[in-house]
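Have a look at the structure below before the remarks.
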Amino acid sequence: MDALKKILGIVWIGLALAAAYFGIFNFGLPKLSTGKQEDLVFGIIILFVLTPLIVAGLAIFGWYALKGEYDNRKL
């Protein structure tokens with residue numbers, strides 16, 4: 001089970017990279033380039049608030065899983 005947690009740590013880090021890509025290039029930047037005010041506000045929120053929170057959360061969770069912080073041996 002501990003090996004599965006380490007493998008899933010890599011998966012979580014991969015999901016963080018995918019979330020960063022989609023958050024920046026598919027959701028954030030296209031909204032900034034439309035020129036509409038409501039799209040500009042949404043793009044700023046996506047780029048500077050939501051994407052860093054999501055990416056940081058997934059990456060930290062994956063890093064801890066990869067390092068073995070969630071292993072049963074440490075209890």
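Brief remarks follow.
- Residue among Glu69, Glu38 that is surrounded by fewer than 13 Cβ atoms within 10 Å (Cβ to Cβ), free of Cβ contacts under 8 Å to residues at least 60 places away in the same chain and part of a helix (DSSP H, G or I): Glu38
- Subset of the stretch 42-57 [among the hydrophobic types (A, V, I, L, M, F, W, C), surrounded by 12 or more Cβ atoms within 10 Å (Cβ to Cβ) and over 25 Å from Gly9 (Cβ atoms)]: Phe42, Ile44, Ile45, Ile46, Leu47
- Any hit, the stretch 3-11, residues being of a type in the set (Gly, Ala, Ser), surrounded by 13 or more Cβ atoms within 10 Å (Cβ to Cβ) and within 14 Å of the chain's Cα centre (by Cα): yes
- Checked against the criterion of being surrounded by 14 or more Cβ atoms within 10 Å (Cβ to Cβ), modelled with pLDDT under 95 and either part of a helix (DSSP H, G or I) or not aromatic (Phe, Trp, Tyr) (or both), the candidates Phe61, Phe27 yield just one match: Phe27.
- Looking at Leu66, Leu50, just one residue is modelled with pLDDT of 95 or more and touching a helix residue (DSSP H, G or I) at 6+ places or on another chain (Cβ under 8 Å), and that residue is Leu50.
The values are calculated or read from the model by the stated rules, or taken from the named source; none is laboratory data. The structure displayed is predicted, hence computed values, not measured ones. No Cβ is skipped: glycine too gets one built from the backbone with ideal geometry, and neighbour counts run over all protein chains shown.
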